[in-house]
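Reading through the structure tokens given below for one structure.
The values are calculated or read from the model by the stated rules, or taken from the named source; none is laboratory data. What you are looking at is a predicted structure, and each value in this text was computed from that prediction instead of being measured. Note: ideal-geometry Cβ built from the backbone for every residue, glycine included; neighbour counts use all protein chains shown. These accessible areas exclude ligands, DNA and RNA; they are computed on the full protein's heavy atoms, side chains included. Shrake-Rupley method; radii C 1.70, N 1.55, O 1.52, S 1.80 Å.
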Amino acid sequence: MAAASWYHRDISRVVAEELLAKAGRDGCFLVRDSESVSGAYALCLLFQRHVHTYRILPDDEGLLSVQTIQGIQAKCFRTLPDLIGAYQQPNNGLVTPLLYPVHRARQAADEDSGCWRRRGGHGHPSLATLAPWREIFPKMLTRLCSPASDFMGFMAEYLNHHLQLDLEALRHGHPQLRHLSTALVTACRALHSEIDFTLAGLETLARVFDPPASPRSPAREQGLLTSDPDLELLLNKISTVNHLLSSLEKKVLKSLQETVSRHNLALPSVVAVPPPAAKPLAVQSFEVKVGKSQRAALTVDVESGTVAITKAGSGSPEETIPQDKILQLIKYQSVQSKVRLVYDREPQRSLSRDFVFPSARKREAFCQLLQLMKIQHSNLDEPDLISVYVGTWNMGSTPPPRSLASWLTSRGLGRTQDETTACIPHDIYVIGTQENSLGDREWVEFLRASLKTLMTIDYRVVALQCLWSIKIVVLVKPEHERRISHVHTSSVKTGIANTLGNKGAVGVSFLFNGTSFGFVNCHLASGSEKTHRRNQNYSDILRSLVLGDKRLSAFDLTLRFTHLFWFGDLNYRLDMDVQDILAHITKKEFEALLAVDQLNLEREKNKVFLRFSEGDISFPPTYRYERGSRDSYMWQKFKPTGMRINVPSWCDRILWKSHPETHVVCNSYGCTDDIVTSDHSPVFATFEVGVTSQFVPKKAPGSGPEPLACIEWESIEVIVKTASRSKCYIEFHSYCLEEAQRSGENTSQSCDIPGFLKLGWSAKHLPVLNPILPDLEYLGDQHLLLSIKGVESCESYGECCIAMRSMIGSMAQQFETFLFHRGEETGSMRGWMKVRVPKDRRSTRERLYEWISFEEEDAEPAADAPTCPKPPLQRLRSRPRSLPESAAGYTNPAYFIFEGVPNAWAPAPSAGKAHKQQAESLGEGQRRRSPLRARVPSPSEEERWGGRPRCVPGAPSRGHPLSPPGVGQQKRPKSAVLVRDAPGLGDCSLTALHMATCLSQLDRASPERRGDSQKTLLHQTHSALEPPPRPCREVPRCMPDARQHGRPGEWPCDRGERSRSVGGCLGHLGLQQDVEGLQERGWNHLEIFRYPQALELRKGGTVRASSSGPGIPGRAPCPEGEER
């Protein structure tokens, strides 16, 4: 089976369908591993442009059969080749016989993937592909330290004479490799006697400390009796040695303790020295500017919980503010060094004052101290906010320096900690290293000692996971040790043939009270040309790392945790000439280098790290320095095969991904400049992370029935990237549910576009979910994980995460999100839902991190001007730039790129009126815009808009809340065009699905027919571009004062022009230059619509164009300050 070219091992469903689509012939097939059943297979068969998937299941006896419907006898086969051979005959129950096998693609050989995985593109593997090993293998053996020349002789004989015999056996379905086993047994015969000698000594030592004598191990007895040792026996002996070595220390310790106790040998009691107390934080003072020119000093005393304001030249403070009087701290985004402090000054009155710090770094230090002061003086039993330190360092196989102070305190280059906050201890330290030559225990104790010296805190070890020289260590403060639970560790090898651990990843996951954390430290393939291999390493790690709740094992790894941090030596390089790179580094022109950074480029292509975030890089490349210095890069590396160029690059990175509507802020991201033992510089990042506690209801349960909260669904619509036509259902998972729930089969289904399946569920086929607790405070922190699964295969087509906080209310809220599976974006989901909470369970509280907000500077307020009576106005909050963007957009060209254009256009209200209307709408629950269907406003909403029905209630304000629910507004999808953006678009909901209906015809045209005929096809797209019907009642097509370029309800171009070509529609959007690209590339060129830029949309008459997302070559980025 292993030699069968149609067996593709563990490729994903999406990759399998892409391979079949490329083959393009009815009857094409391949076999892959099943994603839903361990040990099973999936037979994928192409027929009439759709992929049919059949599960191949083993029975109790190991016989294989294709799963059939109930009542039909299944045919059983001993081997997979036998099964495939039988189904190549007609009339066997498949939609078509298995006619054309799709072979595994040839992989380029490299130092990481190895040549063992090389296969011919069509047919069985050729002996020619094995020839290079006959030359390479002896050279590899000479590098081994062992002088086992006999071993080399046995291996050389196997390669020269017996390898061909194993290959022939493999081709006939016998994967035992009998000749290799014989060669290994012969070569390792001498190892048996060595292990016997070592094992005898260890057993003797163990019996000394373990009376009565332990019985001789079965492996040992068998070793003495047998005269023909085999590999299994050798492995048993090695396992016994491993067990004895690991248990010997415990036995000796226990024996000595019993001896001390039995003979009363204990020393006189000595008074235990208490551990050193944590150093109190010194009072910190900041010079600031108040008003236009007045100087002052802000003094923060964390221990006493006060902030003092002292004017320049004054000896005594002008005002001292207790921490409980501070209501809000507002950071300005437009002026990075400016902050506004809102506090109580007298009863029923509050005051706001603006302060400008010398730098943004000083402002952040001030905010961190105030945050720490709030935490220390809060009355909470459990924390709302913790600080997390993440560090990564490729140590270059050399011992570390005596001090790691700069690394562990985030000092050096880039965005670093201010000296006033650098020595504030973090709650969690996560240290990842690569090429670490120290022993596991030695490295952990070295880290603990370093932190104890710096912070005077004896940090506790949560987990240590190692894979060869790749290590990850998690340390926490002693007071947090009881809050850590459900610790899991795992590792994945991605070295040569995915069997060696010189490359790979180690991971740790755990729960901190009610918040799940995941940490992954990896070392990916090296070499500037190995980008694809690094992407594959990432996919392998994502698929194989076993972390988190086992109930969520079917979900994408990036969705299993509230917060996932991924870091290490990712090894992505810069695609630029080395001399140009050095010139840019000298001038500190990092933006030009980041534009050619392979990791950034691959992320823009959605190849790796989908929806991950990374802090701003403002430090020089961390690789490849000359050891012993940080003055120059050693970019030339001399190897036996010649000189190799390793361009300076940001190989060492830290990224993260969090559930929507959670709090995580990156406070620092940089590298050290004084640790020079390796050719890599250590990299650090610190985070402020919101956490939840195990919720305890404030209201005691009564004698009557408890009121229940419920999660109700109105509709769900899904588009998945697949060539299948299978019926699907949805699985719902959440920690707030007693068990997973599932929906009925989809009620609507269409596949008009090849490669995409559109599914819909109505309310009747969606379950009503009842959380285990009905309290608003509890539900606001919960998330729902949804998985789209095929009815027949039970395999996932995509998973997503929905935050419940924004869905709470009496009115249904619209949600939209991406679908992921095995690290790939596989589709999109959107719909309407509501979370209803009983009236007596709607109390909540503000989190400690919610009193700090972020706001754009619109108007300069008067200094010391009193604000409104208490409580102060709740300001709209927007995420800081370090936070990940909301995943509320569709970047795939098949996902409704223009859908969301409303049925009627009306001028936006003035800013003041909009603010008033928004404040009114917040009280009754905010309704979100739906690009799925236009919603008819209620009569009260129509009155607020002057009697004009609208599909979108109000223009959204800038930013959206970190928390609490109901404040601000979610960002709209990046590709959707809202009412205020399109005064000239009238009533036309143009979707990429409709456009692709026609454009896909161009891809199906034969090569000889392309050219003029292709242009003719492109002009015949009238029916494909017609607006789809909307499931809502009729709304007036146009307003009397609507600024239309053409007739009411029409596009600016008349119907005749629209029927003649797409060019008029594209021209209206200012995309004339893309018409030719569409004609030449067809469907593939639709990527241009992913991020229409502001300038291009304005050409089409839009008022405020929205553009966000990864840059596209040749297009200008969104100007600073544009709404995103």
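Have a look at Pro660, Cys671, Met634 and report the one farthest towards the positive end of the charge dipole of the range 624-700, computed about the Cα centre with Cβ charges (Lys/Arg +1, Asp/Glu -1). Final value for the positive-end residue is Pro660. Between Leu63 and Asp575, the contour length at 0.36 nm per residue exceeds the alpha carbon distance by 179.2 nm. Quick check on the range 742-836: take the gyration tensor over C-alpha atoms, sort the square-rooted eigenvalues as a ≥ b ≥ c, and tell me if it's rounded (a/c under 1.5), prolate or oblate. Since a/c reaches 1.5 and a/b is larger than b/c, the shape of the range 742-836 is classed as prolate.
Among 512-520, 574-582, the peptide with the highest mean count of other Cβ atoms within 10 Å heads the list, and the full ranking is 512-520, 574-582.
For the listed peptides 31-37, 59-65, a ranking on the average number of other beta carbons within 10 Å per residue, highest first, reads 31-37, 59-65. Average accessible surface for the range 706-846: 35 Å² per residue, computed with a 1.4 Å probe over protein heavy atoms with every protein chain in place. Under 5 Å from the amide H of Arg644 lie the amide H atoms of Lys637, Phe638, Lys639, each residue being 5 or more positions distant or on a separate chain, with H modelled from the backbone and absent for Pro and chain starts. Note on Arg9 and His532: their simple-model spin labels are 1.5 nm apart, each label 7 Å out from Cα toward Cβ. Quick check on the range 678-795: take the gyration tensor over C-alpha atoms, sort the square-rooted eigenvalues as a ≥ b ≥ c, and tell me if it's rounded (a/c under 1.5), prolate or oblate. Taking the square roots of the gyration eigenvalues as a ≥ b ≥ c, the range 678-795 is oblate.
Taking Cα centroids, how far is the range 19-36 from the range 534-584 in Å? About 27 Å separates the Cα centre of the range 19-36 from the one of the range 534-584. When Ser748, Ser539, Ser293 are compared by accessible area of protein heavy atoms, the largest-first order is Ser293, Ser748, Ser539, using a 1.4 Å probe.
Taking H placed 1.01 Å from N in the peptide plane, check which residues at least 5 places from Asp569 or on another chain put their amide H under 5 Å from its amide H. When sequence neighbours closer than 5 places are left aside, the close amide H contacts are Cys522, Leu524.
The phi-based Karplus calculation (6.51 cos²θ - 1.76 cosθ + 1.60; θ = phi - 60°) puts the 3J(HN,Hα) values of the range 435-447 at 6, 8, 8, 6, x, 4, 5, 4, 5, 5, 5, 5, 5 Hz, whole numbers, x for Gly and Pro.
Per residue, the range 520-663 exposes an accessible area of 38 Å² to a 1.4 Å probe, with every protein chain left in place. One chain, two ends: Glu303 and Leu99. Fully extended at 0.36 nm per residue, the span grows by 65.7 nm beyond their Cα-Cα distance.
Sequentially through the range 794-810, phi angles give Karplus couplings (6.51, -1.76, 1.60; θ = phi - 60°) of 6, 8, 7, 9, x, 10, 8, 10, 10, 7, 7, 4, 7, 8, 6, x, 7 Hz, Gly and Pro residues having no value and appearing as x. When Lys834, Lys637, Lys587 are compared by accessible surface with a 1.4 Å probe, the order from highest to lowest is Lys587, Lys637, Lys834.
Reported to the nearest whole Å, the Cα centre-to-centre distance from the range 383-454 to the range 75-103 is 57. Exceedance of the 30 Å cut-off in Cα-Cα distance is limited, within the set Lys289/Lys477; Lys503/Lys758; Lys237/Lys503, to Lys289/Lys477; Lys503/Lys758.
Note that the range 1-49 presents 38 Å² accessible area per residue, ligands and nucleic acids not counted, probe 1.4 Å. Each of Asp616 and Gln636 was given a label point 7 Å from its Cα along the Cα-to-Cβ line. The distance between the two points is 3.8 nm. Per-residue SASA remark: Met643, around 100 Å² accessible (1.4 Å probe; ligands, DNA and RNA not included).
3J(HN,Hα) along the range 661-668, derived from phi through the Karplus expression 6.51 cos²θ - 1.76 cosθ + 1.60 where θ = phi - 60°, amounts to 6, 10, 9, 8, 10, 7, 8, 7 Hz, with x in place of Gly and Pro.
Legend: residue pairs Lys530/Lys605; Lys311/Lys331; Lys550/Lys834, Cα-Cα distance threshold 25 Å; pairs beyond threshold, Lys550/Lys834.
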